[in-house]
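Have a look at the structure below, then the notes.
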Amino acid sequence: MANAGVGGAGPGWRAAYALAVALLWLCPLLLHTQSAGTTAQSAGAKAQTVRTTAQPTRTTQAGSVCGKPVVTGKIFGGKNAPDQRWPWQASLLYHGKHICGAALIDAFWVISAAHCFQKSHEPSDYKILLGYHKLQHPTEHSLQMTVYRVIVHDDFNKCHIMGSDIALLQLHRPVNFTSHVLPACLPEPNATLPLYTSCWITGWGMITEEGEQDRVDEESKAEEEGGAVATMRP
């Protein structure tokens with residue numbers, strides 16, 4: 001979920017601006033993760049998760065384990081992604097049905113797109129799946145997490161269509177990081193996207209124009225080109 005573009009104030013200015021705005025919005029919220037998470041645990045004593053026999057590493061700071069999948073290597077052209085290659089990939093369920101992709105960014109927090117919440121902002125309407133490769137086939141590594149709070153960016157769709165298309169979900173309980181469930185890394189607040197930056201698009205999206213949905217996690221590599229504006233959503 002990102003915007004990338006060129007023009008205006010120079011190469012990549014839209015991407016840099018969008019990234020800066022998103023990080024300015026995210027960082028203050030994440031600073032309160034620990035205290036908010038404690039409250040969420042108390043309030044969500046009945047939160048349900050899929051039982052797992054995966055050995056957790058330890059509930060530690062996301063920054064020390066983020067962005068380090070066990071499986072590496074490159075696959076191009078929208079092919080099936082190897083299991084464990086994207087351990088932060090999440091599925092957002094609405095009333096039990098997959099509607100959007102998402103990404104784990106902290107033990108308590110998941111990020112997704114604001115447009116995925118236009119039907120409802122009620123946390124109980126949503127669940128998060130983690131550690132899945134095939135959506136219809138959970139394994140001992142798979143988790144189903146309940147949502148404590150949904151935070152949609154206040155400026156979503158106000159300044160321009162699909163602008164500020166970002167949302168955060170706070171989980172009832174913290175995620176235990178394992179080889180199959182790890183957080184993605186967040187860039188530094190002053191980070192910029194250089195021209196021709198390669199981006200990976202992952203998830204269980206549509207693979208045909210007729211709307212056939214793939215139930216196996218897929219990946220594709222996209223490269224930002226000069227003069228183009230690319231929009232990637234879950």
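At a glance:
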{"item": "Filtered residues of the range 140-162 (kept if out of contact with any Asp or Glu (no Cβ under 7 Å at 6 or more places or on another chain), surrounded by 18 or more Cβ atoms within 10 Å (Cβ to Cβ) and in a loop (DSSP other than H, G, I, E, B))", "result": "His141, Ser142, His153"}
{"item": "The range 66-93 residues that are under 17 Å from Pro183 (Cβ atoms) and at pLDDT below 85, paired with ones that are assigned to a loop (DSSP other than H, G, I, E, B) and among the hydroxyl-bearing types (Ser, Thr, Tyr) (beta carbon under 6 Å, 6 or more apart)", "result": "Val70/Ser179"}
{"item": "Some residue of the range 174-196 being in a strand (DSSP E or B), closer than 29 Å to Leu143 by Cβ and of a type in the set (A, V, I, L, M)", "result": "no"}
{"item": "Residue within the range 124-133 that is over 24 Å from Lys68 (Cβ atoms), in a strand (DSSP E or B) and modelled with pLDDT of 95 or more present", "result": "yes"}
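Every residue, every condition in (1) buried (at least 20 other Cβ atoms within 10 Å of the Cβ); (2) within 13 Å of the chain's Cα centre (by Cα), yes or no:
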{"residue": "Ile166", "(1), (2)": "yes, yes"}
{"residue": "His172", "(1), (2)": "yes, no"}
{"residue": "Val175", "(1), (2)": "yes, no"}
{"residue": "Ser179", "(1), (2)": "no, no"}
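The values are calculated or read from the model by the stated rules, or taken from the named source; none is laboratory data. Note that this is a predicted model, so its numbers are computed, not measured. A quick note on method: Cβ atoms are made from the backbone with ideal geometry, for glycine too, and the neighbour counts reach across all protein chains shown.
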